[in-house]
Amino acid sequence: MGSAPRLGLDILGDTLDWPFFEDRHRRFALELTTWADATLAGLPHADVDAACRARVAALGEGGFLRAAVPETYGGLNPTLDVRTLCLAREILGSRDGLTDFAFAMQGLGSGAITIAGSETLKARILPGVCEGVRIAAFALSEKEAGSDVAAMATTASPDGDTHVRIDGEKSWISNGGIADHYVVFARTGEAPGARGLSAFLVEADTPGLSITERIEVIAPHPLATLRFDGCRVPLENRIGGPGDGFKIAMATLDIFRSTVGAAALGFARRALHETLAHANGRKLFGGTLGDLQLSQAAIADSAAEVDAAALLVYRAAWTKDRGAPRVTREAALAKLVATENAQRVIDRAVQIHGGLGVTRGVKVEELYREIRALRIYEGASEVQKVVIARDLLKTHAAGARAGQVAAQPDRITRSPFND
Ligand code: COS
């Protein structure tokens, strides 16, 4: 598992030449690939908790978690730069799924604080996340509230003037059991549904918080169910205002959904790379596997799906980085297409490898298990379809009302291709 050959920048194809990127992105990609090729093979694999901790520490020591927090708190850029986050996940995903996961969770588990936390909370939490000495987690899902976030049952009720008391259960929480803190979303009741949720930073050692179940999944990652029994949390740990929880969760996902697409893209690129190596090397029927037209069809389909995913991922990232307040639709398109395409690319890679493709320890077998969860977490593909269609219907209806369905010429000046 987790083999990490020296892939260099070649695995990215010509992506870095695209106009979405600046020189700082190219420098970051080169530094990360050089580090990953030299470091990842030496990291432990046997125990998933220890392996994950080692990856967070190594990424912190290497300075790469700086991409996950803003400059003021030790980070790389003034605000979260989604292209940098996506490049990091693509590069790490193409090499080692668990390292990608470790990187991503530091961002997802602190993103709400970056977006909406008080200065005090940011100063307390973000430097440790950036250095890799504080493991972060995002606790939104519940057994009965996964896709339907607004249906969550965990409550945070007032406990005197200075605290809330959290009661309930969160499930499928990544880094559950090894995290130093959880960003917890709970019902505070300002209004029904989505408008009555708030977000809180809960330290892992808070009395009343316990891990009730460790969940084993097909591609091992730390995952757990958390229980909150009268867990007292100071109000100064609230992230954003009362009732802002749903919007903060969605704004966090607007950033990180594109990065899930980027991780899937990294998996797909690696699968295509393995496919090409195998098709060129495997001899049969007096030639190579790659000489067969059915293999060529599979390779061409995969190449098209990889490039389509890359374009959508970096379009979403670039759109966010240039200041769009919401990239809900772009991020949903990137996640939907990149994860669904990656599943097919990896499945073809397994097929091309034949018996080897389902053999433990072979990279495409590992990728086959790694990709599956990405079509589910941070909004299943079905949720992304709902998000995309609703946004288009709303935009069209608003345009029709204003009589502006026709093209908007000012957009032409905002293309990345006219520098
Ligand atoms: N950014 C900011 N605000 C947002 C937003 C976003 N991306 N998306 C929605 N909102 C706002 C809406 O504008 C709305 O505000 P108003 O009440 O002021 O109008 C409010 O939040 C509620 O939005 P909506 O009506 O769309 O809520 P729904 O309950 O219908 O949301 C979906 C439905 C399916 C879109 C949502 O629950 C979702 O994304 N579910 C998947 C969750 C997920 O990813 N789970 C995995 C957890 S991490 S492993």
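Results for (1) under 22 Å from the mean Cα position of the chain (by Cα); (2) more than 20 Å from A380 (Cα to Cα), shown as yes or no for each residue.
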residue: F200; (1), (2): yes, yes
residue: D205; (1), (2): no, yes
residue: L209; (1), (2): no, yes
residue: A224; (1), (2): yes, no
residue: R232; (1), (2): no, yes
residue: G281; (1), (2): no, yes
residue: D301; (1), (2): no, yes
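The sole residue among G128, G117, G74 that is in contact with a Cys (Cβ under 6 Å, 6 or more places away or on another chain) and farther than 26 Å from L374 by Cα is G74. Checking each residue in the stretch 381-392 for being crowded, with 20+ Cβ neighbours inside 10 Å and more than 8 Å from the ligand (Cβ to nearest atom) picks out only Q384.
Listed by first and then second residue, the pairs with beta-carbon distance under 8 Å, at least 6 apart or on different chains, first residue in the stretch 19-38 and within 12 Å of F64 (Cβ to Cβ) and in the same structural domain as E90 (by the TED database), second of a type in the set (V, I, T) and at pLDDT 95 or above, are F28/T84; A29/I91; L32/I91; T33/I91; A36/I91; A36/T99. Out of L336, L265, one residue alone is surrounded by 17 or more Cβ atoms within 10 Å (Cβ to Cβ), among the hydrophobic types (A, V, I, L, M, F, W, C), touching a residue at least 40 places away in the same chain (Cβ under 8 Å) and over 23 Å from D17 (Cα atoms). It is L336.
If we scan the stretch 298-316, do we find a residue that is of a type in the set (V, I, T), more than 19 Å from I11 (Cβ to Cβ) and crowded, with 16+ Cβ neighbours inside 10 Å? There is no residue in the stretch 298-316 that is of a type in the set (V, I, T), more than 19 Å from I11 (Cβ to Cβ) and crowded, with 16+ Cβ neighbours inside 10 Å. The set of residues in the stretch 354-380 that are more than 16 Å from the ligand (Cβ to nearest atom), in a loop (DSSP other than H, G, I, E, B) and not hydrophobic (A, V, I, L, M, F, W, C) comprises T359, R360, G361.
Going by the conditions given, is G74 touching a residue at least 12 places away in the same chain (Cβ under 8 Å) and within 18 Å of the chain's Cα centre (by Cα)? When the stated conditions are applied, G74 does not pass them.
When you check V164 against the structure, is it away from the ligand (no atom under 13 Å from the Cβ), buried (at least 21 other Cβ atoms within 10 Å of the Cβ), under 30 Å from G74 (Cα atoms) and of a type in the set (A, V, I, L, M), yes or no? Considered against the rule, which asks whether it is away from the ligand (no atom under 13 Å from the Cβ), buried (at least 21 other Cβ atoms within 10 Å of the Cβ), under 30 Å from G74 (Cα atoms) and of a type in the set (A, V, I, L, M), V164 comes out as no.
Among residues of the stretch 177-195 that are outside the structural domain of L108 (by the TED database) and hydroxyl-bearing (S, T, Y), those with a Cβ under 7 angstrom from a residue that is assigned to a loop (DSSP other than H, G, I, E, B) and within 14 Å of the ligand (Cβ to nearest atom), sequence gap 6+ or separate chain, pair up as T188/G243. For the criterion of being outside any loop (DSSP other than H, G, I, E, B), within 16 Å of the ligand (Cβ to nearest atom), among the polar types (S, T, N, Q) and at pLDDT 95 or above, Q351 fails. Against the conditions (1) closer than 20 Å to E382 by Cα; (2) touching a residue at least 60 places away in the same chain (Cβ under 8 Å), where does A317 fall short? Just the number, please. Evaluating A317 over (1) closer than 20 Å to E382 by Cα; (2) touching a residue at least 60 places away in the same chain (Cβ under 8 Å) leaves (1) as the failure. Scanning the stretch 129-149 for residues that are more than 10 Å from the ligand (Cβ to nearest atom) and either hydrophobic (A, V, I, L, M, F, W, C) or over 20 Å from the mean Cα position of the chain (by Cα) (or both) gives V129, C130, V133, I135, A136, A137, K143, E144.
With respect to being under 26 Å from A334 (Cα atoms) and out of contact with any Ser or Thr (no Cβ under 8 Å at 6 or more places or on another chain), G8 falls outside the description. Quick one: would you say S302 is hydroxyl-bearing (S, T, Y), closer than 28 Å to C86 by Cβ and outside any loop (DSSP other than H, G, I, E, B)? Considered against the rule, which asks whether it is hydroxyl-bearing (S, T, Y), closer than 28 Å to C86 by Cβ and outside any loop (DSSP other than H, G, I, E, B), S302 comes out as yes. Need pairs with beta-carbon distance below 6 Å; first residue on the phi < 0 side of the Ramachandran plot and within the stretch 226-247, second more than 11 Å from the ligand (Cβ to nearest atom) and of a type in the set (D, E); sequence gap 6+ or separate chains. Cβ pairs passing all conditions: R227/E169; F228/D167; R232/D159; P242/E190.
The values are calculated or read from the model by the stated rules, or taken from the named source; none is laboratory data. Note that the coordinates shown come from a computational prediction; the quantities given were computed from them, not determined experimentally. Reconstructed Cβ throughout: ideal geometry from the backbone, glycine too, with neighbour counts over all protein chains shown.
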